[in-house]
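To start, the structure itself, in structure tokens.
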Amino acid sequence: MHKVLFVCLGNICRSPTAEGVFRAQVAAAGLSEVIGIDSAGTAAWHIGKAPDQRAQAAATRRGYDLTALRGRQVAVADFGEFDYILAMDRSNLADLLAQCPAEQRHKVRLFLSFSSQWQDHEVPDPYYGGADGFDQVLDMVEDAAHGLLSDIRAEIKRRA
Ligand code: 4NP
């Protein structure tokens with residue numbers, strides 16, 4: 001099993017979007033049995049909540065279903081449990097590294113490091129902006145999810 005955790009601040013906009021998009025790509029690749037996927041927030045504000053309505057609406061327009069997802073907060077056990085712990089922005093990255101045991105730090109990186117177009121960028125927080133922000137999140141996330149899937153496929157081949 002290759003386990004991926006997407007992390008943002010609230011776990012109601014960016015990281016559930018990444019989870020939904022990556023789940024769809026992984027399912028289309030027939031790899032749902034070997035790639036585990038979850039998302040979490042560094043903050044506790046939205047524990048148990050469904051994704052933001054605007055994130056759900058933008059995802060639905062592109063054929064992704066986020067309705068079953070519920071917010072949760074990152075826990076220290078996640079650093080042992082997951083192989084890829086992917087931060088949406090540098091603030092999430094710093095918060096993760098501040099909690100991460102030293103031997104697990106190599107697992108924590110910016111999600112967009114897997115993208116083809118936005119490698120040094122952050123996924124901008126769309127919470128206080130307009131509807132466009134949610135489409136931009138989807139553009140970035142779809143691109144980086146393809147790169148992540150390629151990386152994991154290569155890892156699966158290496159281990160086979
Ligand atoms: P997310 O967006 O980190 O992409 O889920 C946010 C959601 C909620 C808040 C901030 C960012 N908030 O301040 O409640």
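Between a first residue in segment 36-59 that is part of a helix (DSSP H, G or I) and a second residue that is basic (Lys, Arg) and within 12 Å of the ligand (Cβ to nearest atom), which pairs have beta carbons less than 9 Å apart while being 6 or more apart in sequence or on different chains?
Close Cβ pairs satisfying both conditions: Ala55/Arg14.
Out of the residues in segment 120-143 that are under 11 Å from Arg54 (Cα atoms) and more than 9 Å from the ligand (Cβ to nearest atom), which is most open to solvent (accessible area, probe 1.4 Å)?
Asp132
Can you pull out every residue in segment 60-70 that is assigned to a loop (DSSP other than H, G, I, E, B) and either modelled with pLDDT under 95 or not small (Gly, Ala, Ser) (or both)?
Within segment 60-70, Arg62, Tyr64, Asp65, Leu66, Thr67, Leu69, Arg70 meet the criteria.
Could you look through segment 29-71, keep only residues that are under 15 Å from Cys8 (Cβ atoms) and of a type in the set (D, E, K, R), and pick out the one that is nearest to the chain's Cα centre (by Cα)?
Filtering first and then ranking leaves Asp38.
I'd like the full set of residues that are more than 11 Å from the ligand (Cβ to nearest atom), open to solvent by less than 10 Å² (accessible area, probe 1.4 Å) and touching a Gly at 6+ places or on another chain (Cβ under 8 Å), limited to segment 1-50.
Result: Val4, single match.
Yes or no: segment 90-109 includes at least one residue that is in contact with a Phe, Trp or Tyr (Cβ under 6 Å, 6 or more places away or on another chain) and either under 24 Å from Ala131 (Cβ atoms) or crowded, with 23+ Cβ neighbours inside 10 Å (or both).
No - not one qualifying residue is present in segment 90-109.
Is one or more of the residues making up segment 82-91 farther than 20 Å from Asp139 by Cα, at pLDDT 95 or above, part of a helix (DSSP H, G or I) and within 15 Å of the ligand (Cβ to nearest atom)?
Within segment 82-91, one or more residues are farther than 20 Å from Asp139 by Cα, at pLDDT 95 or above, part of a helix (DSSP H, G or I) and within 15 Å of the ligand (Cβ to nearest atom).
What's the total number of residues in segment 107-160 that are assigned to a loop (DSSP other than H, G, I, E, B), closer than 27 Å to Ala43 by Cα and among the polar types (S, T, N, Q)? If you could, list the steps in order and put the result at the bottom.
Here is the first cut: in segment 107-160, the ones assigned to a loop (DSSP other than H, G, I, E, B) are 115-130, 160.
Narrowing the set further to residues that are closer than 27 Å to Ala43 by Cα leaves 115, 118-130.
If we keep only those that are among the polar types (S, T, N, Q) as well, we get 115, 119.
Adding up the residues that qualify gives 2.
The values are calculated or read from the model by the stated rules, or taken from the named source; none is laboratory data. Because the structure is a prediction, the values reported are computed rather than measured. Here the Cβ is made from the backbone with ideal geometry for all residues, glycine too, and neighbour counts use every protein chain on show. Note: accessible area is taken over every heavy atom of the protein model, side chains too, but ligands, DNA and RNA are not part of it. Shrake-Rupley method; radii C 1.70, N 1.55, O 1.52, S 1.80 Å.
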